[in-house]
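Okay, so here's the structure we're looking at.
What follows is calculated from the coordinates using simple rules that are stated; it is not laboratory data. Being a predicted model, the structure only gives us computed values, none of them experimental. In this analysis, Cβ positions are derived from the backbone assuming ideal geometry, glycine residues included, and neighbour counts consider all displayed protein chains.
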Amino acid sequence: MIRYLLDTNILVDLIRGKENTAERIRTLGLQHCAISDLTLFELYCGAQASLRKEENLALIDRLATEITVLPSAAGYREAARQKVRLNRAGERIEDIDLMIGCTAIAHNCTLLTDNKKHLSRLEGLTLL
């Protein structure tokens, strides 16, 4: 059962070999973790721009086969509602962060992120 959605910054830390991030994920249990298709997109964008492009692309390809990738489309309606609410309040969030957060909401997952400052503005999102 998927309980946690890993934000892009968590995956970047994992790819860079940060042991405390790897330990956090081991504690949660990788079998209970997933990523958004938007996180996969962000990772591929980063790999395309990196100096170790082919190595990073291969790493992301392997990761994509080892972890569940959840569709962000399930969160579109919620993201639209929250975007309008936040814009009216003058608390805009970048669209991709908004969508990843709403993907977690739509799939009833806790979002593991280091971007709590912005994502805590989303109603109904549980952060870790």
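Counting only pairs 8 or more residues apart or on different chains, how many lysine pairs in the chain have their Cα atoms under 21 Å apart? So the count of such lysine pairs works out to 4. You can think of it this way: the chain between Arg92 and Leu28 has 20.0 nm of extra reach, that is 0.36 nm per residue less the Cα-Cα gap. Placing +1 on each Lys and Arg Cβ and -1 on each Asp and Glu Cβ, with no other charges, gives the chain a dipole about its Cα centre of roughly 420 debye. The angle between the Cα long axis of helix 37-49 and the main principal axis of the chain comes to about 50°, on a 0 to 90 degree scale. Positive end of the dipole of the chain (Cβ unit charges, origin at the Cα centre): among Leu6, Ile25, Met99, the Cα lying farthest that way belongs to Met99. Counting only other residues whose beta carbon sits under 12 Å from that of Ala89, what net charge do I get with K and R as +1, D and E as -1? For residues surrounding Ala89, the net value is +3. From the Cα gyration tensor of the chain, with a ≥ b ≥ c the square roots of its eigenvalues, which class applies: rounded if a/c is under 1.5, or else prolate if a/b is larger than b/c, or else oblate? Verdict is prolate for the chain.
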